[in-house]
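The values are calculated or read from the model by the stated rules, or taken from the named source; none is laboratory data. These numbers come from a predicted model, not from an experiment. Using ideal geometry, Cβ is built from the backbone for each residue, glycine included, and neighbour counts are taken over all protein chains shown.
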């Protein structure tokens with residue numbers, strides 16, 4: 001028995017050495033081992049099971065061959081994303097306008113009530129023109145897109161499509177020196193980057209987990225979609241053009257692809273510099289497709305995602321609106337604080353195709369990405385109050401009056417996708433990494449990337465003479 005065991009052990013060692021010579025890397029050896037295990041399991045299963053109806057088509061295999069195909073898998077993924085965004089943009093316009101009209105009707109009632117009570121002007125401005133208008137903007141702009149996007153995304157998740165996306169992206173992440181499971185954490189980032197950072201716990205390797213954490217912010221979360229959709233509609237979908245919604249949808253989809261592309265690029269740079277190491281592998285077993293539980297998905301997406309995120313935005317938007325109103329209405333040396341701060345930031349903003357007010361809005365929007373637009377509008381208005389949302393056309397006219405062009409809108413979208421994480425995500429990174437080192441690194445890495453990309457886009461457009 002002892003001699004036989006020794007012989008088997010020597011044979012296994014010999015086979016392992018041959019495998020290492022043939023394949024070269026540990027990752028390929030692991031893949032070969034997993035493949036051989038599945039092949040052996042299939043061989044055993046075929047000997048002890050009988051297929052009742054072998055003539056029927058295996059639709060799961062046919063669909064998987066398409067969705068995971070190297071030729072059509074990625075185009076189908078992009079088309080699906082574009083379709084969801086098109087439905088979101090097309091379906092959110094009317095509800096947004098209706099909610100805006102409702103909120104500003106309530107504002108008139110609040111103003112009449114304050115006048116009847118003899119409330120001081122400064123308190124009316126702080127409560128109504130600052131806090132309430134900021135809340136009105138956040139709810140009317142955020143709620144309709146989220147109420148459409150999240151259920152559609154949840155249906156894909158419940159159907160079993162997201163693991164196919166991870167399968168398609170696994171090889172790219174491996175080539176970037178990252179872990180294939182990062183595709184799953186990246187998908188979580190579409191809902192909330194803080195959730196994506198926490199989801200990185202599924203990655204066993206500390207090095208690859210850090211890469212996933214540092215790059216998750218490049219995936220636009222739900223808080224950034226209202227800004228992306230607004231900019232796309234205002235500067236590409238305005239005027240009721242025949243294909244305006246489709247063009248705006250493709251633009252937003254392009255921003256999502258930009259974020260994914262930057263995730264690959266930065267992951268590759270990190271894995272070859274400060275987080276250099278050997279990539280690990282994992283076996284992803286594709287689950288069977290399931291018929292979505294539509295009612296359950298709708299309830300879960302509305303309660304767990306839409307209303308939860310909206311409540312978080314409202315809690316942040318209320319004090320932020322009050323703060324911005326205060327900054328916009330306190331004058332120092334004949335100039336309010338917002339204008340003074342924007343003046344300091346303006347030279348840097350111009351280099352990136354932006355301006356000081358835009359950069360200041362992103363900085364003041366650190367608590368939550370949802371308040372960047374209302375902060376910007378409030379800052380642009382000399383009286384320090386949000387404009388009333390009579391129409392998207394009115395907002396477009398205001399931005400054009402401040403010197404905006406299509407290049408400005410493009411850079412705002414790019415900067416929104418790539419810039420520093422929100423306060424919640426930064427605190428989550430601190431908790432997950434155990435200190436401020438990687439938190440500060442993430443903020444500097446993402447901000448530097450956003451500034452560099454916007455600078456390069458601006459210089460290229462100006463060099464080509466297209467900045468009109």
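For the reader, a short list of remarks on this structure follows.
- Meets criteria (surrounded by 13 or more Cβ atoms within 10 Å (Cβ to Cβ) and farther than 19 Å from residue 139 by Cα) for residue 68: yes
- Filtered by the rule that a residue be within 24 Å of residue 137 (Cβ to Cβ) and not in a loop (DSSP other than H, G, I, E, B), the stretch 321-336 gives 321, 322, 323, 324, 325, 326, 327, 328, 329, 336.
- Residue in the stretch 100-114 that is modelled with pLDDT under 85 and within 26 Å of the chain's Cα centre (by Cα) present: yes
A quick yes/no check of all residues on (1) modelled with pLDDT of 75 or more; (2) surrounded by fewer than 17 Cβ atoms within 10 Å (Cβ to Cβ):
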site: 237; (1), (2): no, no
site: 240; (1), (2): no, yes
site: 270; (1), (2): yes, no
site: 287; (1), (2): yes, yes
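- Qualifying residue in the stretch 89-97 (condition: modelled with pLDDT under 80 and either exposed (fewer than 10 other Cβ atoms within 10 Å of the Cβ) or outside any helix (DSSP H, G or I) (or both)): no
- Among residues of the stretch 66-76, those that are free of Cβ contacts under 8 Å to residues at least 60 places away in the same chain and part of a helix (DSSP H, G or I), counted: 3
- Answer from 394, 385 - the residue that is at pLDDT below 75 and out of contact with any helix residue (DSSP H, G or I) (no Cβ under 9 Å at 6 or more places or on another chain): 394
- Among the numbered conditions (1) surrounded by fewer than 24 Cβ atoms within 10 Å (Cβ to Cβ); (2) in contact with a helix residue (DSSP H, G or I) (Cβ under 7 Å, 6 or more places away or on another chain); (3) modelled with pLDDT of 80 or more, the only one that residue 217 does not meet is (1).
- Residue check for residue 79: within 21 Å of residue 256 (Cα to Cα), under 31 Å from the mean Cα position of the chain (by Cα), at pLDDT 80 or above and not in a loop (DSSP other than H, G, I, E, B): yes
- Residue match in the stretch 450-457 (condition: closer than 25 Å to residue 228 by Cβ, without any contact (Cβ under 8 Å) to a residue 24 or more places away in the chain and crowded, with 18+ Cβ neighbours inside 10 Å): no
The rows are residues; the columns are (1) assigned to a helix (DSSP H, G or I); (2) in contact with a strand residue (DSSP E or B) (Cβ under 8 Å, 6 or more places away or on another chain); (3) buried (at least 17 other Cβ atoms within 10 Å of the Cβ).
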site: 338; (1), (2), (3): yes, no, yes
site: 342; (1), (2), (3): yes, no, yes
site: 348; (1), (2), (3): yes, no, no
site: 353; (1), (2), (3): no, no, yes
site: 358; (1), (2), (3): yes, no, yes
site: 367; (1), (2), (3): no, no, yes
site: 371; (1), (2), (3): yes, no, yes
site: 375; (1), (2), (3): yes, no, yes
